[in-house]
Amino acid sequence: MRPLLQKELSSFLERFDNFKDAEFRSLDILSATSMKLIFAVQDRARAFDWITIELEFSGITDARLVGESQISLLDMSDGISIIEDENKFAFAVSECYNVSQTKNSSCYVITQSIKYKESQF
């Protein structure tokens with residue numbers, strides 16, 4: 001897993017077109033303050049080939065999650081948002097422009113750090 005740094009956020013999201021129309025594959029709770037989300041996305045750096053991206057969140061302070069059976073029902077047409085604010089990251093399944101907007105999403109996570117891993121589709 002590689003840390004996702006604040007300075008890399010915009011290029012990371014741009015590379016994967018903000019996960020628009022991605023496939024949300026799974027949500028795994030690892031502990032009380034950590035979890036992993038797995039997505040299938042198109043990679044601009046690989047001629048838009050589909051790959052798997054794992055996002056691991058550590059130091060979670062707030063979250064709204066959906067059940068495993070509801071993951072396939074989430075609307076991914078707007079993709080995801082990842083916003084850095086005051087040394088925290090806010091992740092949301094929707095297009096958001098600030099941390100308070102992320103809390104209106106049907107699935108969001110406020111966390112201290114994010115790591116990611118790329119693998120084959």
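Worth pointing out:
- The residue that is farthest from E86 (Cα to Cα), among those in segment 31-50 that are among the small types (G, A, S) and in a strand (DSSP E or B), is A40.
- Top-ranked residue of segment 51-75 - restricted to ones that are surrounded by fewer than 18 Cβ atoms within 10 Å (Cβ to Cβ), modelled with pLDDT under 95 and not in a loop (DSSP other than H, G, I, E, B), ranked as farthest from the chain's Cα centre (by Cα): S69
- Matching entry among D28, D78 (being acidic (D, E) and either on the phi > 0 side of the Ramachandran plot or part of a strand (DSSP E or B) (or both)): D28
- The one condition in (1) free of Cβ contacts under 8 Å to residues at least 60 places away in the same chain; (2) of a type outside the set (A, V, I, L, M, F, W, C); (3) surrounded by 13 or more Cβ atoms within 10 Å (Cβ to Cβ) that S81 fails to fulfil: (1)
- Going through (1) under 13 Å from the mean Cα position of the chain (by Cα); (2) under 20 Å from S34 (Cβ atoms) one by one, S119 falls short only on (1).
Conditions tested, residue by residue: (1) under 20 Å from F121 (Cα atoms); (2) charged (D, E, K, R).
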| site | (1), (2) |
| --- | --- |
| F16 | yes, no |
| F19 | yes, no |
| S26 | yes, no |
| D49 | yes, yes |
| L65 | no, no |
| S69 | no, no |
| E95 | no, yes |
| S100 | no, no |
| S106 | no, no |
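- Selection status of A45, among the aliphatic types (A, V, I, L, M) and surrounded by 13 or more Cβ atoms within 10 Å (Cβ to Cβ): no
- Only one of the numbered conditions (1) among the hydrophobic types (A, V, I, L, M, F, W, C); (2) more than 21 Å from K7 (Cα to Cα); (3) touching a Phe, Trp or Tyr at 6+ places or on another chain (Cβ under 7 Å); (4) surrounded by 15 or more Cβ atoms within 10 Å (Cβ to Cβ) is not met by L37, and that is (3).
The values are calculated or read from the model by the stated rules, or taken from the named source; none is laboratory data. Quick caveat, the model's predicted, so the values are computed rather than measured. Using ideal geometry, Cβ is built from the backbone for each residue, glycine included, and neighbour counts are taken over all protein chains shown.
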